[in-house]
Amino acid sequence: MRLAELSERSGVSTATIKYYLREGLLAPGRQVNATTADYDEEHLRRLRLVRALIQVGRLPVATVREVLGHVDDESLGRTIRMGAALWALPQIREPDAEDAYVRAARDEVDQLLDTLGWSNAKALVTISPAYRSLVVAVAAFRRLGHGWGAERMEPYARLMHEAAVLDLDFVETYPTEAERVEIAVLGTVLGEPMLLALRRLAQEEESARRYGFE
């Protein structure tokens, strides 16, 4: 398809597509002549992914470029490839290791991982943004006088493991490694707000069930 058709099918203006091409977010089309290139379904799929990351996920172009670089890196195994792409997304900063609340939170999170038997997760604690985010959240709760220890987190973690199984079962329905990594990224950028909304709806439903509308 020509650029005009790619624009029409994707809903993205030709000017924006040219910008994405210049920024390396979209692979060049097959050159037909000096002024015309041909694009295929792969370009359309990637263009929709880029648009979702930028428009819905509100990621800067530089971040999208980094994420897609990991998506396309065929030298990496699936776990590292998915992890690298997800870790390239915006993350919170490393917490202050000297903070007493952070140290206590880290101990609680480590205890949780031991209780769950999540040895693979524990092996990644020094580099995992998810581990860092969990420590920061637990530390904030402790600072406010609320105890979110390993025992309290455990049932939530087990539910999240069930969600992870569903996530990866869905990822494996896609035929290529690049598509699997792409849907894993979308599952984070778009899926996490969806899951948060479902959680809040469930809380509203349960609250009304328990307490009514008074």
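The values are calculated or read from the model by the stated rules, or taken from the named source; none is laboratory data. A quick note: this is a predicted structure, and the numbers were derived from the prediction, not measured. Glycine also receives a Cβ, built like all others from the backbone with ideal geometry; neighbour counts cover every protein chain displayed. These area figures cover heavy atoms from the full protein model, side chains too; ligands, DNA and RNA do not enter into them. Shrake-Rupley method; radii C 1.70, N 1.55, O 1.52, S 1.80 Å.
Here are a few things to note about the model shown:
- Extreme residue, positive dipole direction of the chain, given options 71, 82, 29 (C-beta unit charges): 29
- Neighbourhood charge, 11 Å Cβ-Cβ cut-off, centred on residue 11 and excluding it, Lys, Arg +1 and Asp, Glu -1: +2
- Compactness of region 154-214 - radius of gyration and Dmax, Cα, Å: 15.5, 52
- Simple point charges give the picture: +1 on the Cβ of Lys and Arg, -1 on the Cβ of Asp and Glu, and for the chain a dipole about the Cα centre of about 560 debye.
- Shown are 122, 18, whose ranking by accessible area with a 1.4 Å probe and every protein chain present, most to least, is 18, 122.
- Relative to its residue count, region 3-56 spans a Cα convex hull of 73 Å³ per residue.
- Between 194, 121, 135, the Cα set farthest toward the positive side of the dipole of region 92-211 (charges on each charged residue's Cβ, about the Cα centre) is that of 135.
- Rounded accessible area per residue of the chain, 1.4 Å, Å²: 64
- To the nearest ten degrees, helix 191-211 and the longest principal axis of the Cα atoms of the chain are 40 degrees apart.
- Assuming charge only on the beta carbon of Lys and Arg (+1) and of Asp and Glu (-1), the dipole of region 92-211 about its Cα centre is about 480 debye to the nearest 20.
- What you get for region 102-168, charging only the Cβ of Lys and Arg (+1) and of Asp and Glu (-1), is a dipole of about 320 debye around the Cα centre.
- Positive dipole terminus of the chain, leading residue within 15, 59, 109 (C-beta point charges): 15
- Taking 211, 156 and ordering them by how much accessible surface each has at a 1.4 Å probe, largest first, produces 211, 156.
- Folded to 0 to 90 degrees: helix 41-51 orientation relative to the chain principal axis, Cα: 50
- The chain, accessible surface, carbon-and-sulfur percent (1.4 angstrom probe): 55
- Compared with the dominant principal axis of the Cα atoms in the chain, helix 150-171 is inclined by about 20°.
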